[in-house]
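Asker: Below is one structure. I have some questions about it.
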Amino acid sequence: MTLPEASSATVQVDATQQGHAVSPLLWGIFFEEINHAGQGGLYSQLVSNTNFEYVDFYPWTPQSSANNVYLSLSQDQPMNYKNLQHLQVSFTSAAATGAVGINNPGFFGMTFEANAQYTVSLFSYADSAQPLPADATFFIALLDGSGNSVAKSSPATIARGGWAQFRTTLTAPSNTVVNGSLSIIFSSSLVTPTITLHFDVISLLPVEGWHGLPFIRSDLGQMIYDLSPAFVRFPGGCYVEGDTLDHRFNWKNTIGALETRPGHYDLWDYYSEDGLGFLEYLLFIEQLSTAQGTYVEPIWVINNGVSHADSIPTQDIYPWIVDALESLDFAMGDSSTKYGAMRAALGHPAPFPINIMAIGNEDCGKPYYLENYKEFYTAIKQAYPNMTLIANCDLTSSGGKNELWDFHTYQNTQWFFDNLKQWDSYSRSAAKVFESEYAVTSGCGQGNVNAGIAEAAYMTGLERNSDVVLLASYAPLLVNANDRKWNPDAIVFNSYQAYGTPSYWVQHMFSNAQKDTAWGTQYVLPSTSSGSNYLAVSSTIATLSSISTSYYIIVKAVNYDTANALNLNVSLSLKSGLVTGGVVQVQSLYSASVNDENTFQNPQLIAPKDSTVSIVSNAFSLTLPPYSAHIFRVLVSN
Ligand code: AHR
């Protein structure tokens, strides 16, 4: 790349003056069920519309060659009181050519990974005045994009009159299949106007999934893991509130067997079947902890009786508080509690420690929020004195108890540059801040360099002020490119591909620079810069291990000048030791144009590039391309 004429700037890092500790929870993630982040995304369920509880049977259709199949929703003989509707299949004639059945294309096409095993499960029964013929059977077929069968089950008999479960394992072929689908094919003896078939909770899940969690799509689970999050805020967002309270995330409806989860309308305009329920979130976060080797904090966002359209008056809020406490019993209670026993019965007797909980989302201006917050605060604190509670805004002036308050910012790049230092002057004795949602949302394409580098510049300010901003997470995390409800997002995927936007890579760089260089706590170092109005810097120091006297100095530098490169000279005042190997490890993010984006065709056009630069007499120089972000790691040995 040909660089324009560069200006010069200097950075001086004083490693003799260790500042405050970098918050160990600083870089985390916010998972919200938006953009099919879970349903049709991280939740690995391949069937779209498993339980037919929503308004129609879409996207189920008659098998393409079958013109005598009629589909409808039925409420006759529900499976249980939480599962009131199911799919009814009837036949207008017995005549048919080719396979007669029903088909589901999943969420914009199913992917069957090469040689992977899948668990298929469904419930069915047949209505017939006469006993069913002996050869009344169906089988499950996995189809490729051309409709050819690539795997199929043995024939299964169908029961007359009462629900029965069919469950088997299918193995995908040796080549990965994309744009596939699932069909249920009926024996010809079933295809007659005198027989009606009923199906419900038709599920197709991988046997393996991510790290042994069948319900987690492995590539997306891995991309999240690669961010090394210190916490996971979940499951929303507005999703927690709902457009109405009936559509909130009602955790009790999300636990237990799939056939007892009714699902609910997601205000991001699709139906969440809640296969990714409260337990699955906790299991995923637990597995992130196990895989990372450090505890990943679950930050459970509870609805406190406030939605976008309605609010529970404080005088009636008591049952909601009980519900919140029961959610904590479910996560952490022992088997003497109803919900702790339920968790144990679901296979997880060990608790999932929850130390941080958010009460509502963006609700400060809504009726009863502040009053309800106080009631929740008092009750939760009484039961869990060490729980850190997050309010939706700074409640100091309204007399609320404020341990952490939630700050959201979706702005243009100029706002991010203008606010690089917004927390520098924040009172050190004021309530601490959780910046749980931030992103550049205009001039961002569908996730471009313009956005990512501005966020990187802003994040230097978050790190420098992480004595008051204790936690931060980009938002939203995930988008299925086939149904983009919010733009931009960190991870873009379809049913068989996924890539990170530049914003993803910025999160990746900052988070991993904290996690992979430090044994314990990192500390902020004072750094001063001069020579450029477009330079954002922060510096930290990290000890390598409990016994090592070696340490890293980590400098983050962002040149947010879109037009000019910057010749940067960095000098370090060391408290002791010598730079190991005389080199600085450099990780850089930039591209030829601020409008550049990663795509499915070119998923790593913009990704961190590694290089080294020599360091002599504790100083090094390099040219920062226009609009670029960099992390320098200097290893010092005593
Ligand atoms: O991140 C998308 C939405 O933005 C969240 O649901 C909400 O909290 C905010 O308004």
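Asker: Please work out which residue is surrounded by the most Cβ atoms within 10 Å (Cβ to Cβ), limiting yourself to the stretch 22-39 and to residues that are under 18 Å from Q222 (Cβ atoms) and more than 14 Å from the ligand (Cβ to nearest atom).
Answerer: Looking at the filtered set, the residue picked out is W27.
Asker: A further question follows. Return the pair list, or none, for Cβ contacts closer than 8 Å from residues in the stretch 195-224 that are free of Cβ contacts under 8 Å to residues at least 40 places away in the same chain to residues that are surrounded by 19 or more Cβ atoms within 10 Å (Cβ to Cβ), at least 6 apart or on different chains.
Answerer: Every condition considered, the pairs that remain are Q222/W210.
Asker: Look at S588 and say whether it is touching a His at 6+ places or on another chain (Cβ under 7 Å) and of a type in the set (S, T, N, Q).
Answerer: yes
Asker: Taking the criterion of being within 16 Å of the ligand (Cβ to nearest atom), farther than 21 Å from N250 by Cα and buried (at least 20 other Cβ atoms within 10 Å of the Cβ), would at least one residue in the stretch 353-369 satisfy it?
Answerer: No, every residue in the stretch 353-369 fails to be within 16 Å of the ligand (Cβ to nearest atom), farther than 21 Å from N250 by Cα and buried (at least 20 other Cβ atoms within 10 Å of the Cβ).
Asker: For the stretch 405-430: of the residues being surrounded by 19 or more Cβ atoms within 10 Å (Cβ to Cβ) and within 25 Å of N372 (Cα to Cα), which is farthest from the ligand (Cβ to nearest atom)?
Answerer: Top of the filtered list is W405.
Asker: So, in the stretch 41-80, how many residues would count as being at pLDDT 95 or above, part of a loop (DSSP other than H, G, I, E, B) and of a type in the set (S, T, Y)?
Answerer: 4
Asker: Counting just the residues of the stretch 256-284 that are farther than 16 Å from Q45 by Cβ and crowded, with 20+ Cβ neighbours inside 10 Å, which one comes out farthest from the ligand (Cβ to nearest atom)?
Answerer: Once the filter is applied, the top-ranked residue is L282.
Asker: Are there strands (runs of 3 or more DSSP E) fully within the stretch 586-638 with at least 3 residues that are under 26 Å from the mean Cα position of the chain (by Cα)? List them.
Answerer: 628-637
Asker: Has the stretch 270-287 got any residue that is under 22 Å from E437 (Cβ atoms) and among the β-branched types (V, I, T)?
Answerer: Taking every residue of the stretch 270-287 in turn, at least one turns out to be under 22 Å from E437 (Cβ atoms) and among the β-branched types (V, I, T).
Asker: Now for a separate question. Sort out which residues of the stretch 353-390 are in contact with an Asp or Glu (Cβ under 7 Å, 6 or more places away or on another chain) and part of a strand (DSSP E or B), and write them in order of number.
Answerer: I356, A358, T388, L389, I390
Asker: From the list A513, A542, A490, A481, pick out the single residue that is in contact with a helix residue (DSSP H, G or I) (Cβ under 7 Å, 6 or more places away or on another chain) and in contact (Cβ under 8 Å) with a residue 24 or more places away in the chain.
Answerer: Only one candidate passes the filter, namely A490.
Asker: Could you check how many residues of the stretch 125-154 are part of a loop (DSSP other than H, G, I, E, B), in contact (Cβ under 8 Å) with a residue 60 or more places away in the chain and either surrounded by 15 or more Cβ atoms within 10 Å (Cβ to Cβ) or of a type in the set (A, V, I, L, M) (or both)?
Answerer: Number of matching residues: 3.
Asker: Of the residues G242, G180, only one is farther than 26 Å from T290 by Cβ, within 16 Å of the ligand (Cβ to nearest atom) and buried (at least 17 other Cβ atoms within 10 Å of the Cβ); which?
Answerer: On inspection, the qualifying residue turns out to be G242.
Asker: For the stretch 434-469: of the residues being of a type in the set (V, I, T) and more than 16 Å from the ligand (Cβ to nearest atom), which is surrounded by the fewest Cβ atoms within 10 Å (Cβ to Cβ)?
Answerer: V468
Asker: Just for strands (runs of 3 or more DSSP E) wholly inside the stretch 184-298: which have at least 2 residues that are under 30 Å from T92 (Cβ atoms)?
Answerer: Fully inside the stretch 184-298 and qualifying: 195-206.
Asker: Checking G209 against (1) more than 28 Å from Y438 (Cβ to Cβ); (2) buried (at least 24 other Cβ atoms within 10 Å of the Cβ): exactly one of these is not met. Which one?
Answerer: Going through (1) more than 28 Å from Y438 (Cβ to Cβ); (2) buried (at least 24 other Cβ atoms within 10 Å of the Cβ) one by one, G209 breaks only (2).
Asker: Turning to a different aspect of this structure: Among the candidates L122, L170, L143, L197, single out the residue that is modelled with pLDDT of 95 or more, among the aliphatic types (A, V, I, L, M) and touching a helix residue (DSSP H, G or I) at 6+ places or on another chain (Cβ under 9 Å).
Answerer: Selected residue: L197, the only one of L122, L170, L143, L197 that is modelled with pLDDT of 95 or more, among the aliphatic types (A, V, I, L, M) and touching a helix residue (DSSP H, G or I) at 6+ places or on another chain (Cβ under 9 Å).
Asker: In the stretch 470-496, how many are within 30 Å of F108 (Cβ to Cβ), more than 16 Å from the ligand (Cβ to nearest atom) and not in a loop (DSSP other than H, G, I, E, B)?
Answerer: Of the residues in that region, 1 qualify.
The values are calculated or read from the model by the stated rules, or taken from the named source; none is laboratory data. Note that this is a predicted model, so its numbers are computed, not measured. Positions of Cβ are backbone-derived with ideal geometry, glycine not excepted, and every protein chain shown enters the neighbour counts.
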